[in-house]
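Each remark here refers to the structure printed beneath this line.
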Amino acid sequence: MRTIIYIDGFNYHYRAVKNTPFKWLDFKSLFTKILSSNHQITQIKYFTALVSGKYNSSKPLKQQVYLRALQTYIPEIKIYYGHFLIHEVFDPSADPAEKNKSVKIIKTEEKASDVNIAVHLLNDAWLNEYDCGLIVSNDSDLAESMKLVRKYHPTKILGLVMPGKGHPSK
């Protein structure tokens with residue numbers, strides 16, 4: 001069974017490995033062990049964005065070392081990039097004593113990875129690139145693309161792995 005794995009890199013990082021010593025995961029080895037022996041992993045698509053060094057100059061280098069290691073060690077992996085935004089906004093204060101006060105915060109957002117995953121999942125189904133698509137994310141924005149694959153490609157098998165702890169996204 002031809003299997004493509006779609007990994008939401010930021011979702012995986014923030015839900016499963018941030019602030020842990022377990023950042024260096026061999027995705028191919030992991031999913032080879034999890035999936036039954038009739039699965040042949042043909043591609044691993046890793047979706048992320050290049051982080052900014054604006055507030056921590058070591059983050060971009062650490063991320064690039066990690067991404068290069070993935071590409072060197074796992075020949076089936078291909079990395080797809082969204083983009084990363086950092087901007088200042090005013091949001092309500094969390095302090096109950098300042099209930100009507102807004103405070104300036106730095107908002108960071110990773111953009112386009114969920115859309116890129118959804119588009120690849122659908123396009124790969126239309127191109128008949130997989131028999132099984134395995135999504136590694138807890139992002140509810142991917143639900144519609146999964147519904148469309150199930151509706152228009154009923155023979156395709158879809159799996160969902162929600163990384164880390166916590167509740168599944170609704």
Among all lysine pairs in segment 47-113 that are eight or more places apart or on different chains, how many have alpha carbons less than 24 angstrom apart?
13
Out of segment 86-170, which GluC sites (Glu not before Pro) are coil in DSSP terms and have no more than 15 other C-beta atoms within 10 Å?
Glu129
Label-to-label distance, nm, for residues given as Val119 and Asn56 (7 Å Cα→Cβ offset):
2.9
Which FRET efficiency, nearest 0.05, do Lys104 and Tyr81 yield, Cβ-Cβ r, R0 25 Å?
0.30
Per GNM of the chain with C-alpha springs under 10 angstrom, the most fluctuating residue out of Asp114, Asp95, Asp26 is Asp95
Can you show me the helix-derived [θ] at 222 nm for the chain, built from DSSP H runs with n ≥ 4 at -39,500 (n - 2.57) apiece and divided by the number of residues, rounded to the nearest 500.
-9000 deg cm²/dmol
Would you mind telling me which residue in Phe84, Phe22, Phe31 has the biggest mean-square fluctuation in a Gaussian network model of the chain, where springs connect alpha carbons within a distance under 10 angstrom?
Phe22
For segment 33-125, max minus min Cα coordinate along each principal axis, in Å, sorted largest first?
60, 30, 25
Calculating Cα extents along the principal axes in Å from this structure picks out, from (1) 59, 36, 26; (2) 69, 41, 21; (3) 49, 37, 30, entry (1)
Taking 0.36 nm per intervening residue step and subtracting the Cα-Cα distance, what contour gain separates His167 from Asp95 on full extension?
23.3 nm
Carbon/sulfur fraction of accessible area - the chain, other protein chains in place, 1.4 Å, %:
55
From the mean inverse distance of alpha carbon pairs (Kirkwood) and the Cα radius of gyration, derive Rg over Rh for segment 1-74.
1.01
Describe numerically, in nm with one decimal, the distance between label points set 7 Å from Cα along Cα→Cβ at Thr32 and at Tyr14.
3.2
Filtered trypsin sites (Lys or Arg not before Pro), segment 91-143: DSSP coil and at most 13 other beta carbons within 10 Å:
Lys99, Lys101
Which FRET efficiency, nearest 0.05, do Leu127 and Gln40 yield, Cβ-Cβ r, R0 25 Å?
0.90
So, for segment 97-170, what is the accessible surface per residue at a probe of 1.4 Å, expressed in square angstrom?
64
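The values are calculated or read from the model by the stated rules, or taken from the named source; none is laboratory data. Not measured: the values here are computed from a predicted model. Neighbour counts are summed over all protein chains in view; Cβ atoms, including those assigned to glycine, are modelled from backbone coordinates with ideal geometry. What goes into the accessible areas is simple: the full protein's heavy atoms, side chains included, and nothing from ligands, DNA or RNA. Shrake-Rupley method; radii C 1.70, N 1.55, O 1.52, S 1.80 Å.
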